[in-house]
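The structure appears right after this line, and notes come after that.
The values are calculated or read from the model by the stated rules, or taken from the named source; none is laboratory data. Everything quoted here is computed from the prediction, not taken from an experiment. Cβ sites come from the backbone with ideal geometry, for glycine too, and all protein chains shown count toward neighbours.
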Amino acid sequence: MGKVLDITGQKFGKLTARYVTRKTSSGNVYWHCDCDCGNTVEVLASYLRNGTKTCCKKCNNKMGRKPEDLTGQKFGMLTAINFIGVENGKAVWLCQCDCGKMHIAKATNLKTGNTISCGCVAKGRPSKKVTDLSKIENLEGYTIGKLTILKKNNYKCHGENMYTCKCKCGTKLGISEKALRTNKIKSCTKCMAKEK
């Protein structure tokens, strides 16, 4: 059996790894972990490292209902891969960003558009700033003018697809796909007024 990776003291969500409790003949290693709520739990090491287990059963059940299944759904540049637990009463998901990185995000932040990437958009990596959206199929995650397109909404206005966008000043607004593709709107009304 290979050498056991020492994760003593490392934190995984609400769990802190303390010591190895057992090793199986197949090579699986279990760790005794302390949860932030005060409970203790035995967890498979691989579950800690890949984000499958982030809290004890008591904390996981605090939500009181089965969390909404977001598996495979796209939120900006993030695709929800796996539900990993509950943090402060909120469902937490392991997501993959279009840039290739894995990212952990709360379901509420994904659905409201507060989290649209692993952070690479804010850091300018990958660069998705464009001057013309007419030939781009999926607009989510792109920036045009002062607007970052957060997500496509599940409703239409006057037959037009609508997108939630965020202006550089922090204002969120809904804009039709046609207005974005034809470059008619590149900032919120407040910023447009300042530019005049």
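Cβ-Cβ contacts under 6 Å between residues 6 or more apart (or on different chains), taken from a first residue in the stretch 25-43 that is in contact (Cβ under 8 Å) with a residue 24 or more places away in the chain to a second residue that is loosely packed, with under 11 Cβ neighbours inside 10 Å and part of a loop (DSSP other than H, G, I, E, B), are listed as 27/1. When 161, 183, 154 are screened for being among the polar types (S, T, N, Q) and free of Cβ contacts under 8 Å to residues at least 12 places away in the same chain, only 154 passes.
Going by the structure shown, is residue 81 modelled with pLDDT under 85 and under 28 Å from residue 150 (Cβ atoms)? No. If you go through the stretch 1-44 and keep only what is hydroxyl-bearing (Ser, Thr, Tyr), more than 24 Å from residue 90 (Cα to Cα) and in a strand (DSSP E or B), you end up with 19, 21, 30. When you scan the stretch 63-81, do you find a residue that is more than 29 Å from residue 166 (Cα to Cα), in contact (Cβ under 8 Å) with a residue 12 or more places away in the chain and out of contact with any helix residue (DSSP H, G or I) (no Cβ under 9 Å at 6 or more places or on another chain), even just one? Within the stretch 63-81, one or more residues are more than 29 Å from residue 166 (Cα to Cα), in contact (Cβ under 8 Å) with a residue 12 or more places away in the chain and out of contact with any helix residue (DSSP H, G or I) (no Cβ under 9 Å at 6 or more places or on another chain). Taking the criterion of being of a type in the set (Ser, Thr, Tyr) and in contact with a helix residue (DSSP H, G or I) (Cβ under 7 Å, 6 or more places away or on another chain), the only residue of the stretch 141-165 that qualifies is 163. Quick one: in the stretch 1-27, which of the residues that are surrounded by fewer than 12 Cβ atoms within 10 Å (Cβ to Cβ) and closer than 23 Å to residue 60 by Cα is modelled with the highest pLDDT? Among residues in the stretch 1-27 that are surrounded by fewer than 12 Cβ atoms within 10 Å (Cβ to Cβ) and closer than 23 Å to residue 60 by Cα, the one modelled with the highest pLDDT is 19.
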